[in-house]
1. If you take the residues in the range 125-156 that are surrounded by fewer than 19 Cβ atoms within 10 Å (Cβ to Cβ) and touching a His at 6+ places or on another chain (Cβ under 9 Å), which one is farthest from TRP100 (Cα to Cα)?
2. Taking THR199, is it surrounded by 11 or more Cβ atoms within 10 Å (Cβ to Cβ) and either farther than 21 Å from GLN141 by Cα or touching a Pro at 6+ places or on another chain (Cβ under 6 Å) (or both)?
3. Within the range 167-187, count every residue that is surrounded by fewer than 17 Cβ atoms within 10 Å (Cβ to Cβ) and either part of a helix (DSSP H, G or I) or touching a residue at least 12 places away in the same chain (Cβ under 8 Å) (or both).
4. When you scan the range 122-142, how many residues do you find that are among the β-branched types (Val, Ile, Thr), assigned to a loop (DSSP other than H, G, I, E, B) and within 15 Å of the ligand (Cβ to nearest atom)?
5. Report every pair of residues separated by at least 6 positions or lying on different chains whose Cβ atoms are under 6 Å apart, first residue within the range 120-143 and within 14 Å of ILE201 (Cα to Cα), second part of a loop (DSSP other than H, G, I, E, B) and within 12 Å of the ligand (Cβ to nearest atom).
6. Of the residues GLU90, GLU86, GLU99, which single one is in contact (Cβ under 8 Å) with a residue 60 or more places away in the chain, within 16 Å of the ligand (Cβ to nearest atom) and closer than 28 Å to PRO36 by Cα?
7. Taking the range 197-213 as the search range and keeping residues that are in contact with a Lys or Arg (Cβ under 7 Å, 6 or more places away or on another chain) and assigned to a loop (DSSP other than H, G, I, E, B), which one is farthest from LEU150 (Cα to Cα)?
8. Name every residue in the range 106-121 that is part of a loop (DSSP other than H, G, I, E, B) and within 10 Å of the ligand (Cβ to nearest atom), in order of residue number.
Amino acid sequence: MRPLFFVLLSLPLLAQEKMKPEMTEFWEPVPEIVDPGNSSTPPSDAIILFDGSDLSQWTSVSNGEAAHWTINPDGSMTVNKKGGIETKEEFGSIQLHIEWKTPQKIEGKGQGRGNSGVFFQKVYEVQVLDSYNNITYSNGQAASIYKQSLPLVNASRPPGEWQTYDIIFNEPEYDEKGNRLKKGTLTVFHNGVLVQNNTEIQGTTEYRGHPNLRNIKTPKKLLLQEHSNPVSFRNIWLRKL
Ligand code: MG
């Protein structure tokens, strides 16, 4: 059924004054009720990917076997040399919440300092990096869409402190031949600060060369990168959009 609101939009503006307020109210549908939780708990309709108890939602990128990152007593997990991890499930467009922390002890510099990454559908990276007083190329610092879009500001906390990403990912659309019909977008809040404002994704986030524009038929899994630095994560959940 066409909402009353849109029908009314087509009425001549001259009729506005004669309209009753009730004529622009619509009562159906009613939004679903969601318990929003509090600042440390997810909303009631979230899919929990990691709550500190186990890695049952994740597998190792290298061999598809059980994920082997280190689970810590404080409810976090830490990257180790066994490689990246990815979700078992695939997702389209999502709202993602994830918390991360780079090592308190500063080692390395530039891209070698607290590097990890949140990859949407395995190929679109929102960079995780210790970007607190750490110079690197701007479109590769924390909260950049790697080598495509620098963050609007640098909202980084110091190394060793927990940081949050709240991300809205709208997936790109392709036709049957793999030609892109519509670009995907990323909106990113870093520690509550808007750093990517509905940024269009140009293509896959490549280390070398330009973004790949075509659909490479990758599984639509969320991937966390291993980049030789012991970055930690906690409280990972998403909502399908
Ligand atoms: Mg990275």
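1. That would be VAL153.
2. When the stated conditions are applied, THR199 does not pass them.
3. Looking only at that region, the number is 6.
4. Total meeting the criteria: 2.
5. TYR124/THR205; GLU125/TYR146; GLU125/THR205; GLN127/ALA142; GLN127/SER144; GLN127/TYR146; ASN139/LYS147
6. GLU86
7. Filtering first and then ranking leaves LEU213.
8. Passing the criteria: GLY114, ASN115.
The values are calculated or read from the model by the stated rules, or taken from the named source; none is laboratory data. These numbers come from a predicted model, not from an experiment. With ideal geometry, Cβ positions are generated from the backbone for all residues, glycine too; neighbour counts draw on all protein chains shown.
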